[in-house]
Structure formats: C-alpha cells, structure tokens
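Just so you know, all these numbers are worked out from the coordinates, no wet-lab data involved. Every value quoted in this text rests on a predicted model; they were computed, and no experiment measured them. Cβ atoms come from the backbone with ideal geometry, glycine included; neighbour counts cover every protein chain shown.
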Amino acid sequence: MSPQVVLRRPHPLRAWDRVLALSAVAAARLLVAVSRGRPARVRRALRRLLAGASPASTQQAMAAHDAVVTVSLRCASPHGCLLRSISVALLCRAQGGRVRWVAGFSSPPPASHAWIETIEGPVAEPDDPRITYRPAITI
C-alpha cells in the first residue's frame, strides 16, 4: 500500500501569472532534460540565468512557489523538489528577483533534496532542510 500524499490547495492565479509560472516550469523541465540531471551542468546554467538580479523578498519567493505548485502537479508532489526549486528560481528571476538555489544530501540512508532560500532562510519547507541535508551546491 502506498502512503497518502496530501497536496496543498491551489491558489487562484491571474492569467498572466499562470502563463509565467507555466513558462518557468517548462524552462525548468528543459534545463533538467538538457543537463541530464548532472549537477555541474545545472549549476553552470543556473549561475548564468540567475546572475545580475537583486535579492527577492520572502513574500516574492512564496508567491512564486505558490504559483509553481498551482500549475504543476509534479512540482507540488513531495518528489518534485528539483523541478520545483528550479522553477521557482526561474520564476523569481523572470519577475526581477533572485533566490538562492541549494541542493543537498544526507546519509545514511542516502537522500538528496533541492530547495530555495532567501536572506531569511528556506522558503516553503515544512522543516528546515539545512538540519537534515548538507548543502552541496549553492547558487
């Protein structure tokens, strides 16, 4: 029997916000596919894409997160952290802000997780991932 997964309720989005969020998710899917999930390629692409923007506020990052999980079930799932975090980072960048993208790992058992942070800390995480996961890549 598989465990129950409860997704958060979708947020109402204006048409333009929905288009931006869908575009960010599509761009994130393309980035993951082209990089074949290799961390060095993802890091190199995100460094270029996120460069030159001013830091986003926690409210901006939360709004971007809510938009991304509203338009994509994969991003809303507990197993969509890589796609979700890249999508949120790209959406924030499209809106003129920049978040910190972090990928980390833990062991034992081996596990990995990707999340976004602002100056105030991780955004939209139930628990602080910095406690469980050791950051390996920070952009």
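Multiplying the residue separation of residue 94 and residue 48 by 0.36 nm and subtracting their alpha-carbon distance yields 15.2 nm. For the range 98-109, backbone phi angles converted through the Karplus equation (6.51, -1.76, 1.60; θ = phi - 60°) give residue-by-residue couplings of 9, 10, 8, 9, 10, 10, x, 9, 9, 7, x, x Hz, Gly and Pro being listed as x. Inter-part distance, the range 30-48 to the range 103-136, computed on C-alpha centroids, equals 19 Å.
Applying 1/(1 + (r/R0)^6) with r as the Cβ-Cβ distance of residue 130 and residue 23 and R0 = 25 angstrom yields a FRET efficiency of 0.25.
Placing unit charges on C-beta atoms (Lys and Arg positive, Asp and Glu negative, everything else neutral), compute the dipole magnitude of the range 35-139 about its Cα centre in debye, rounded to 20.
740
What is the ratio of the Cα radius of gyration of the chain to 2.2 N^0.38 Å, with N the residue count, to two decimals?
Here the answer is 1.00, to two decimals.
Estimated from the Cβ-Cβ distance and a Förster radius of 30 angstrom, the FRET efficiency linking residue 40 and residue 11 is about 0.30. Would you calculate a helix-derived [θ] at 222 nm for the chain, using -39,500 (n - 2.57) for each DSSP H run of n ≥ 4 and dividing by the full residue count, to the nearest 500? Result for the chain: -15000 deg cm²/dmol, rounded to the nearest 500. What the Cβ-Cβ distance of residue 33 and residue 105 gives, at R0 = 22 Å and to the nearest 0.05, is a FRET efficiency of 0.50.
Screening the chain for DSSP H helices whose Cα atoms reach 15 Å or more along their own axis and whose mean Kyte hydropathy is at least 0.0 gives 15-35, 58-71, 81-94. Computed on the chain, with alpha-carbon pairs under 8 angstrom and 6+ residues apart, the relative contact order is 25 percent.
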